[in-house]
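Coordinate-derived values only; no laboratory data. Quantities reported herein were computed from a predicted structural model and do not represent experimental measurements. We place every Cβ from the backbone using ideal geometry, glycine too, and count neighbours over all the protein chains shown.
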Amino acid sequence: MPRKIIIDTDPGQDDAVAILLALASPAELEVLSVVTVAGNVPLAHTSVNGRKIVELAGRPDIPVYAGCERPMRRHLITAEHVHGKTGLDGPELPEPTIPLQAQHGVDYLVDTIRASEPGEITLCTLGPLTNVAMALIKAPEIAPKIREIVMMGGAYFEVGNITPAAEFNTYVDAEAADVVLRSGVPVTMAPLDVTHRALCNDIRLERIRALGNKAGNAVAAMLGFSERFDLKKYGWDGAPLHDPCVIAWLLWPEIFVHRKINVTMEISSPLTYGMTVADWWHVTDRPHNVTFLRDLDSDLFYERLTARLATLP
Ligand code: BDR
Ligand code: CA
């Protein structure tokens, strides 16, 4: 039986690749829906992009819901400098033909999880955690029903990518991340520590381009665009592919190195707001609330990702 997932996302080129990977894996994953949130770009763009991506995968049947247009307490911070004005700059994708669902994304999460069996639904979050935190606040009784939250966010050994101390998704809405980490729901975190091991170098990008299908061409164009900024910033020979690590964990946990630890959000210091304080060495007795992904076999990751993308239109 495929595992049922809901993808909460702010696409984003790397979000797009994660969604495509999930939709290319029907034997393992049943994607119930995509819920959008404000993050990389404002909600209006992420909601168009979410629909473009499910259509690119040949899956117009996947419902797309729009969630929150700003973080719980703060003003929205966006990342057009990485992702371009639309958030999905790079490929020429047709305007979506499917409508957005009428229901608000947070209400959809609450209703769907409420109606599910305990342990039935896994939430995959690829952006700020606003929608999930709002759902947990609105309906705390849904927490024990959620099988797991697998999130791209945070960093410890790699520190920050938007401030010296914080990763983008946890920085944009650290209060939301705090709600999630304290919710009691099992969390797996794909922080920069693992995503910085998943570098898309030229050889890997060319293999995706060489697939020659629509999805492969679009992914190559997306990553070609978004990596420019990162290559210059880091000076590495490839840019990190963050969000697909979430889906890869569900598909191939054996390629990851991980440890069960406590992670607590920093939400009060202006200097380190959004930092994920990870007790890697178990120096406190705080509860182990997170499976923290630390490393992965990047050759296997790209080999398997590319093979899955090949199965799409
Ligand atoms: C995260 O921030 C966004 O720019 C990416 O889509 C990813 O989710 C990486 O810090
Ligand atoms: Ca993202």
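Values for this structure:
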quantity: Diffusion coefficient, µm² s⁻¹, Stokes-Einstein with Kirkwood Rh over alpha-carbon pairs of the range 146-202 at 20 °C and 1.002 mPa s; calculated: 178 µm²/s
quantity: For peptides 283-289, 22-28, 152-158, sequence by mean Cβ density within 10 Å, most packed first; calculated: 152-158, 22-28, 283-289
quantity: Neighbour-count order for Leu109, Leu271, fewest beta carbons within 10 angstrom listed first; calculated: Leu271, Leu109
quantity: Cα-projected label distance for Asp295 with Ile137, points at 7 Å along beta-carbon direction, nm; calculated: 3.9 nm
quantity: Selection of chymotrypsin sites (Phe, Trp or Tyr not before Pro), the range 235-297, meeting DSSP coil and at most 11 other Cβ within 10 Å; calculated: Trp281
quantity: In Hz, Karplus ³J(HN,Hα) per residue of the range 84-93 (6.51, -1.76, 1.60; θ = phi - 60°; x = Gly, Pro); calculated: x, 4, 7, x, 10, 5, x, x, 8, 10
quantity: In the range 37-129, the GluC sites (Glu not before Pro) that fall in loop regions by DSSP, at most 15 other Cβ within 10 Å; calculated: Glu69, Glu92, Glu120
quantity: Cross-link reach list, aspartates and glutamates versus Lys4, counting only Cα pairs under 16 Å and skipping chain neighbours closer than eight places; calculated: Glu28, Glu30, Asp61, Asp111, Glu117, Glu120, Glu148
quantity: Theoretical ellipticity at 222 nm over the chain - DSSP helices of four or more residues, -39500 (n - 2.57) apiece, nearest 500; calculated: -10500 deg cm²/dmol
quantity: Fraction of alpha-carbon pairs over 27 Å apart in the chain - percent; calculated: 35 percent
quantity: Label-to-label distance, nm, for residues given as Gln103 and Val257 (7 Å Cα→Cβ offset); calculated: 4.3 nm
quantity: Mean Kyte hydropathy of -0.5 or more with a Cα span along the axis of at least 27 Å, helices from DSSP in the chain; calculated: 214-234
quantity: For a label point 7 Å along the Cα-to-beta-carbon line of Thr311, residues of the range 11-31 with backbone N under 14 Å; calculated: 20-31
